[in-house]
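S.K.: Shown below is the structure under consideration.
Read-outs: derived from the displayed coordinates by stated rules, not from any lab. These figures come from a predicted structure and were not determined experimentally.
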Amino acid sequence: MKLHRFFSLFLLLAGAAALHAEPLRIAVASNFLSPAKALAARFESETGLPVTLSAGSTGKLYAQIIHGAPYDLFLAANSREPERLQDEGLVVDGSRFTYALGQLVLWSPDETTDLSRGGESWLQQAGYERLSLANPKTAPYGAAAVNVLRKLGIDKASRRRLVFGE
């Protein structure tokens, strides 16, 4: 299981943190913050070593890292930024791995909205006021959502209805 491997990585990093009596500093993509908090709590209870989580979009965390942010672990929402960090010599060779796989979801708070037959037709009919997605400039899921809209041929028609989150 990949999360087991992830927890093992926490334990490996614990040695370095313990030597310096500092918290383990983890940059985590916002979409993985909840599981990261649970893993950090388990790690702290099992090792007694503190963990500091810094959450944000993968793009913003990447920018922090290349400008010297002292993270011990980067939990990105894609593979692009970790690959760039490796190309730039800012990660330990052989340390990158996929810890989780994500999936786009179309959801409506309106219980009368029927998305059971697929969201493509609902999106194409444009029966919505606003469509909220992660900022495609900084978040991989936002970029993926824009690609879906483009493939459906509605990216330009829906542009004025889009609301971007951080």
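S.K.: What is the angle, in °, between the Cα long axis of helix 140-151 and the longest principal axis of the Cα atoms in the chain? Nearest 10 is fine, range 0 to 90.
M.R.: The angle comes out at about 20 degrees.
S.K.: Separate question: For the chain, what is the calculated [θ] at 222 nm in deg cm²/dmol (nearest 500), taking -39500 (n - 2.57) for each run of four or more DSSP H residues and dividing by its residue count?
M.R.: On the way: 7 runs with 74 residues, N = 166.
Only helices count here, giving -13500 deg cm²/dmol.
S.K.: Hey, another quick one. Using only the alpha-carbon atoms, how far is helix 2-20 inclined from the longest principal axis of the chain? Give it as 0 to 90 degrees, nearest 10.
M.R.: 40 degrees
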